[in-house]
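For reference, the structure discussed in these notes is given below.
The values are calculated or read from the model by the stated rules, or taken from the named source; none is laboratory data. Note that the structure is predicted; figures quoted are calculated from it, not measured. The protein model used for the area step is the full one, side chains on, heavy atoms only, and it has no ligands, DNA or RNA in it. Shrake-Rupley method; radii C 1.70, N 1.55, O 1.52, S 1.80 Å.
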Amino acid sequence: MGAQGVQISSVNVDELLKMLNAALAEEWLAYYQYWIGARLMEGPMRSEIEPELLLHADQELGHAVLIVGRIIQLGGTPVTNPADWTKLARCAYEDPTDPYVEVILEQNLKGERCAIQRYKEIADFTVGKDHSTYQIAVQILNEELEHEHDIEDWLRDIARMKEELKKLRM
Ligand code: FE
Ligand code: FE
Ligand code: MG
């Protein structure tokens, strides 16, 4: 960060860098979780859900771009070894061994809720102290909220469909 950049930030940079590197690791894991899940998934609404999951994957990668840029600006070292992703991340990677759409969506939903907590914490940590990181955290948080909402909608629709089918059989 430039001299004035350092001067205007009153945040504990070491602590912030730890949070940002954890977030960076989480974004890469979320990216792969969506990317592979979209390709494996089977079940109802496949043709609608698959492209949206791939879009979410791209958006997670966009989050990684924002975070890595800020880590470097703050004078930190972004995680360089993918082997460290699962060590740094608080959000677990969920191996999509069952490709049924509801299972894939539940895995993604857990990841989104974890990401929402992550960016809430970064926003809380930086609010009024590091405007630049704060703005990035809120920007990403808004997209994670959208992701969570999309997934909840699909899961509700699938649950509703199952109920309607049950009624038909009675
Ligand atoms: Fe993300
Ligand atoms: Fe997300
Ligand atoms: Mg979406």
Discussion item. Tell me the angle of helix 101-126 to the major Cα principal axis of the chain, expressed in degrees between 0 and 90 and rounded to the nearest ten.
Written reply: 20 degrees
Discussion item. Compute the distance from the alpha-carbon center of the stretch 1-67 to that of the stretch 121-151, in whole Å.
Written reply: 12 Å
Fill in: For the stretch 147-158, 3J(HN,Hα) per residue [Karplus equation, 6.51 cos²θ - 1.76 cosθ + 1.60, θ = phi - 60°, Hz, x = Gly/Pro]
4, 4, 5, 4, 5, 4, 4, 5, 4, 5, 4, 5
Item to complete: Using a 1.4 Å probe over the heavy atoms of the protein chains, calculate the carbon and sulfur portion of the accessible area of the stretch 3-112 as a whole percent.
Response: 57 percent
Worksheet item: Taking only C-alpha pairs under 8 Å that are 6+ residues apart, what is the relative contact order of the stretch 1-156 in percent?
Response: 30 percent
Fill in: For the stretch 25-40, Karplus couplings with θ = phi - 60° (6.51, -1.76, 1.60), whole Hz, Gly/Pro x
4, 5, 5, 5, 5, 5, 4, 5, 4, 5, 4, 7, x, 4, 7, 8
Discussion item. So for the stretch 52-142, averaging the separation of alpha carbon pairs under 8 Å that are six or more residues apart and normalising by length, what relative contact order in percent results?
Written reply: 21 percent
Discussion item. If you count only protein heavy atoms with a 1.4 Å probe, what accessible area per residue comes out for the stretch 19-170, rounded to a whole Å²?
Written reply: 53 Å²
Worksheet, complete the sentence: Taking the reciprocal of mean 1/r across every pair of different Cα atoms in the chain, the Kirkwood radius in Å is 17.1 Å
Worksheet entry | Long-range HN-HN contacts of Tyr100 with modeled amide H, under 5 Å | Glu42
Worksheet, complete the sentence: Here the relative contact order (percent) of the stretch 101-161, from C-alpha pairs under 8 Å and at least 6 apart, is 43 percent
Discussion item. Student exercise: in the chain, how many lysine pairs 8 or more apart or on different chains have Cα atoms under 17 Å apart?
Written reply: 5
Discussion item. Could you work out [θ]222 nm for the chain from helices alone, using -39500 (n - 2.57) per DSSP H run of at least four and dividing by all its residues? Round to the nearest 500 deg cm²/dmol.
Written reply: -27000 deg cm²/dmol
